[in-house]
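Heads up, the thing below is written out as structure tokens.
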Amino acid sequence: MDSKPNLGALYGADSETTSFLNLSTCADLDALTAPIAILGAPAATPYASVGAYCRNAPDALRQATGVLTANVDRHDFDHGGPVFPTPAVRPVDCGNLSFSETDSAANRAAIRDAVGRILGRGAVPVLLGGDDSVPIPMIEAVGDHAAGRRFTVLQIDAHIDWRDTHMGERMGLSSTMRRASEMPHIERIIQVGARGIGSASTGDYEDALAWGVRFVTADELRKRGVEAVIDLIPEGSDIIVCIDADALDPALIPGVIGRAPGGLSYYQAVDLIKGAASRGRVAAMDFVEFMPERDVDGIGAFTFARLITTALGVLARQAG
């Protein structure tokens, strides 16, 4: 047999999935009426040495939801009911932003503007990256609409992203949380899942501690449970959730550049998202650093897409 059977057909899979979960689309952000808006951001400030290596992630994640599309309205045991309880809380997919390989400032401006327009319509933006510099303009846009509010950032990542500069660049993926710490609307940063050896120095880690970051490493999470994280989020918080694919174990999501054993399980990640939402209101989310070219048999794309689907269900319940 020369080709694989289409096993997805057993579940009514749509081989031509063009939007996430085949949700309705909204090309005009100024006409947005849905409470949740999915937006692809293929790149923000990639390092010149590697370029926009996660550019294909948003579309790969959409395609991975094909096996879910026919059954998305059926009972979901991760929610105790349908992912989207009513039609009124269904998200829309706003497509991908265009990007430039050479003009990172324009990329950041486009993300900040688009997220701002989504927030201005009263919706929660859910960004599909793209590398881990994508959250910087997203977090800035939340500040543009903060109206005096202060925010907790929950970062779920194998790396702490506290370098001031890397390769002469201050806005790249190794500096995301340091840049967030400099924004006046960010009151608290909780970083979960750090493990192994990353690009940060001990000095970077000490800078983060001095700022007030609360770290729960992957090993601590394993020993103490997700409550060790959720207890750090005050009741009534406004929350920004930033999720890097390499936070999960590479056996689940191999399609990342920074593979490291000992990562989070799917349900640990789910419980962190649900737990954060139980403590306050999630204002924005991003899912970044998935690289489909390094995936294995599509397992990473499906796992990350399923995690995003579950997160959308959490946001739908927040909206409803």
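The values are calculated or read from the model by the stated rules, or taken from the named source; none is laboratory data. Since this is a predicted model, take the numbers as computed values, not measurements. FYI the Cβ positions are ideal-geometry reconstructions off the backbone, even for glycines, and counts take in every protein chain you see.
Which of (1) of a type in the set (S, T, N, Q); (2) over 22 Å from D103 (Cα atoms); (3) surrounded by fewer than 24 Cβ atoms within 10 Å (Cβ to Cβ) does T165 not meet, given it meets every other one?
Failed condition: (2).
Taking only pairs six or more apart or across chains, which ones have beta-carbon atoms under 9 Å, a first residue in the range 156-170 that is farther than 30 Å from K274 by Cβ and part of a loop (DSSP other than H, G, I, E, B), and a second residue that is acidic (D, E) and at pLDDT 95 or above?
Cβ pairs passing all conditions: R163/D204; D164/D204; D164/D207; R170/D164.
Which members of the range 298-320 meet the condition of being over 13 Å from V83 (Cα atoms), crowded, with 19+ Cβ neighbours inside 10 Å and not hydrophobic (A, V, I, L, M, F, W, C)?
G300, T303
Do you know which residues across the range 124-140 are within 17 Å of V282 (Cβ to Cβ) and surrounded by fewer than 24 Cβ atoms within 10 Å (Cβ to Cβ)?
Of everything in the range 124-140, just one residue is within 17 Å of V282 (Cβ to Cβ) and surrounded by fewer than 24 Cβ atoms within 10 Å (Cβ to Cβ), namely V124.
Among the residues of the range 68-80, count how many are at positive phi and outside any loop (DSSP other than H, G, I, E, B).
0
May I ask you to list the residues in the range 259-269 that are surrounded by fewer than 20 Cβ atoms within 10 Å (Cβ to Cβ) and under 22 Å from M291 (Cβ atoms)?
Once the filter is applied, which keeps residues that are surrounded by fewer than 20 Cβ atoms within 10 Å (Cβ to Cβ) and under 22 Å from M291 (Cβ atoms), the range 259-269 yields R259, A260, P261, G262, S265, Y266.
How do the pairs read when you match residues in the range 261-283 that are in a helix (DSSP H, G or I) with residues anywhere that are polar (S, T, N, Q), using Cβ under 8 Å and keeping only pairs 6 or more apart or on different chains?
If the second residue must be polar (S, T, N, Q), the pairs left are Y266/T303; V270/T310; I273/T310; A277/Q318; R279/S237.
Just to be sure I understand, how many residues within the range 19-45 are more than 14 Å from L127 (Cα to Cα), part of a loop (DSSP other than H, G, I, E, B), under 17 Å from the mean Cα position of the chain (by Cα) and not hydroxyl-bearing (S, T, Y)?
0
For the structure I just gave you, tell me whether V83 is assigned to a loop (DSSP other than H, G, I, E, B), touching a residue at least 40 places away in the same chain (Cβ under 8 Å), farther than 27 Å from M177 by Cα and in contact with a strand residue (DSSP E or B) (Cβ under 9 Å, 6 or more places away or on another chain).
yes
Quick check on the range 293-314. Is at least one of its residues of a type in the set (V, I, T) and under 14 Å from Q191 (Cα atoms)?
Looking for residues that are of a type in the set (V, I, T) and under 14 Å from Q191 (Cα atoms), one finds none in the range 293-314, hence no.
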